[in-house]
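In what follows, a single structure is set out as structure tokens and then discussed.
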Amino acid sequence: MSLSLSGQDHSEILALLDLYRDWGVDCALDDVAPHRLDRAASLSLPQAMRQRPARPPAARQNLTPPVQPRPSPVDTQAAQAWGVETFPECALARTASTSVRPRFVPGATLMLVGDAPDADEDRSGEVFAGETGRLLDMILPSIGLDRSRLSQAPALPWRPPGGRAVSQIESRECRALLNAAIIKARPERLILLGLTPLRLLLDEQASMARSRGAWHRLRLDDGSAVEALAMQHPQQLLSSARARREMWKDLVFLAETLASS
């Protein structure tokens, strides 16, 4: 029986052989292609594997030691420095290196309230340590103020991890603590340096742009009241010329208020 192929069939066969060669086909397994989709696939296991009994899974051993919570860096003396017997429960106390303490000057009528502690304050435990303190020592004398004669406190004792912003929950946990420090200092006026003390004491949704340039009456937990002025944080002086102009305007406004009182 002879098989005649047209030119097109011949070309298609050659193309198919070229494809087989590219795929690495080098031998034929059968004269007829099997219809593998017409029957269910079967899996034949070696005899040794078929007779091997199933082994129950071994109990997984936990080699990782349990995480021990870091002890809080606070103590009774640090809490009393803030005007309380014990600190409130706050997760920041377990991650900070130390508790930054406020600094009270007897008879001081003005109190500076800073942002959350930065890295310098976290290491030293001193409020306005490092560059922030140096900036304050540069700008306050321009209106006749000496920082050493002013009461000072951070918005809260502990630095957030990595210097991130203070969360709303953390602010609420520490609000009463800052209130206690202000009551202990007994100033007539507060200078709120930055957004954190502004939102912690006055309004959780407050903005610096709308709060600057005016005195705000703050009611403390003991029923007394104190006037508060919101200003840019000293670190903002390094950011732009606009921030420096705003800081100077706030300083002039503060100087005029103090001069008229």
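The values are calculated or read from the model by the stated rules, or taken from the named source; none is laboratory data. All figures in this text were calculated on a predicted structure; none of them were measured in a lab. Cβ atoms come from the backbone with ideal geometry, glycine included; neighbour counts cover every protein chain shown. Quick note on the areas: whole protein, heavy atoms, side chains included, nothing else; ligands and nucleic acids left out. Shrake-Rupley method; radii C 1.70, N 1.55, O 1.52, S 1.80 Å.
When region 127-153 is examined, which residues are found to be in contact with a Lys or Arg (Cβ under 8 Å, 6 or more places away or on another chain) and open to solvent by 20 Å² or more (accessible area, probe 1.4 Å)?
Correct list: Asp137 only.
So which residues in region 83-101 are surrounded by fewer than 23 Cβ atoms within 10 Å (Cβ to Cβ) and within 23 Å of Ser148 (Cβ to Cβ)?
If the condition is that a residue be surrounded by fewer than 23 Cβ atoms within 10 Å (Cβ to Cβ) and within 23 Å of Ser148 (Cβ to Cβ), then Gly83, Thr98, Arg101 are the ones that fit.
Does Pro187 meet the test of being open to solvent by less than 60 Å² (accessible area, probe 1.4 Å), closer than 26 Å to Leu92 by Cα and not hydrophobic (A, V, I, L, M, F, W, C)?
no
Go through (1) at pLDDT 95 or above; (2) within 27 Å of Ala206 (Cα to Cα); (3) part of a loop (DSSP other than H, G, I, E, B); (4) open to solvent by 70 Å² or more (accessible area, probe 1.4 Å) for Pro106 and report which single condition fails.
(2)
Could you pull out the residue among Ala185, Ala243, Ala214 that is within 22 Å of Thr132 (Cβ to Cβ) and at pLDDT 95 or above?
Every option except Ala185 fails the conditions.
In the set Pro154, Pro160, which member is within 23 Å of Trp215 (Cα to Cα), under 20 Å from the mean Cα position of the chain (by Cα) and of a type outside the set (A, V, I, L, M, F, W, C)?
Pro154
This table checks each residue for (1) farther than 21 Å from Pro88 by Cβ; (2) open to solvent by 10 Å² or more (accessible area, probe 1.4 Å).
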{"site": "Ala181", "(1), (2)": "no, no"}
{"site": "Arg199", "(1), (2)": "no, yes"}
{"site": "Ser207", "(1), (2)": "yes, yes"}
{"site": "Arg212", "(1), (2)": "yes, yes"}
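Provide a single number: the residues in region 109-123 that are open to solvent by 60 Å² or more (accessible area, probe 1.4 Å) and either more than 26 Å from Val226 (Cα to Cα) or at pLDDT below 95 (or both).
The total comes to 1.
Under 6 Å by Cβ, and 6 or more places apart or on different chains, what pairs join a residue from region 153-175 that is over 17 Å from Thr98 (Cα atoms) and touching a residue at least 60 places away in the same chain (Cβ under 8 Å) with one that is open to solvent by 30 Å² or more (accessible area, probe 1.4 Å) and not basic (Lys, Arg)?
Listed pairs, sorted by first residue: Glu173/Pro88.
Pairs only if they're at least six apart or on different chains, beta carbon under 7 angstrom, first in region 103-114 and farther than 12 Å from Ser148 by Cβ, second aromatic (Phe, Trp, Tyr); list them, first residue then second.
Correct list of pairs: Gly114/Phe128.
How about region 109-123: which of its residues are of a type in the set (Gly, Ala, Ser) and either in a loop (DSSP other than H, G, I, E, B) or more than 17 Å from His233 (Cβ to Cβ) (or both)?
Once the filter is applied, which keeps residues that are of a type in the set (Gly, Ala, Ser) and either in a loop (DSSP other than H, G, I, E, B) or more than 17 Å from His233 (Cβ to Cβ) (or both), region 109-123 yields Gly114, Ala116.
Given the conditions (1) open to solvent by 70 Å² or more (accessible area, probe 1.4 Å); (2) within 17 Å of Ala108 (Cβ to Cβ); (3) free of Cβ contacts under 8 Å to residues at least 60 places away in the same chain, and given that Gln236 satisfies all but one, which numbered condition is not satisfied?
(2)
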